[in-house]
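So the structure is just underneath, and the comments pick up after that.
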């Protein structure tokens, strides 16, 4: 038997997509890292050079992680700034998709039966 045929038989038959209808703020990850290090919010904010209020807004996803903040997070946690930037980007993208999905559900789609031919026949008014 040809080894490639065996590979073809093992390929998945169906692909599933993952499209969550929620977004997780990157602040959740920051909070987990902070707790892992055993650092209080006030101490973590001081190390980052931001206010505790700003840190709390980042936790909630109300304030984005800026490039400057991601660089500071890298210095404090050792996790690359690109990681924090990507988390923020993914979060904002998911928020936009979620909002777009909610808006499109509010708009009624035209009936597929309302074609020009049927309306000319007088079946649809």
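The values are calculated or read from the model by the stated rules, or taken from the named source; none is laboratory data. Only a predicted model underlies this, so the values are computations on that prediction, with no experimental measurement involved. Cβ atoms come from the backbone with ideal geometry, glycine included; neighbour counts cover every protein chain shown.
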Selection from the range 74-105 of residues in contact with a helix residue (DSSP H, G or I) (Cβ under 8 Å, 6 or more places away or on another chain) and more than 29 Å from residue 18 (Cα to Cα) yields 74, 76, 77
Tally the residues that are more than 17 Å from residue 92 (Cα to Cα) and assigned to a loop (DSSP other than H, G, I, E, B), restricting the search to the range 64-81.
3
Residues (surrounded by 15 or more Cβ atoms within 10 Å (Cβ to Cβ) and part of a loop (DSSP other than H, G, I, E, B)) located in the range 45-63
50, 61, 63
Residues of the range 21-36 being surrounded by 13 or more Cβ atoms within 10 Å (Cβ to Cβ) and either free of Cβ contacts under 8 Å to residues at least 60 places away in the same chain or outside any helix (DSSP H, G or I) (or both), which ones?
23, 24, 25, 27, 28, 29, 30, 31, 33, 34
Could you grab the pairs with beta carbons closer than 7 Å, sequence gap of 6+ or different chains, first residue in the range 41-52 and under 18 Å from residue 71 (Cβ atoms), second one surrounded by fewer than 13 Cβ atoms within 10 Å (Cβ to Cβ) and modelled with pLDDT of 95 or more?
45/51
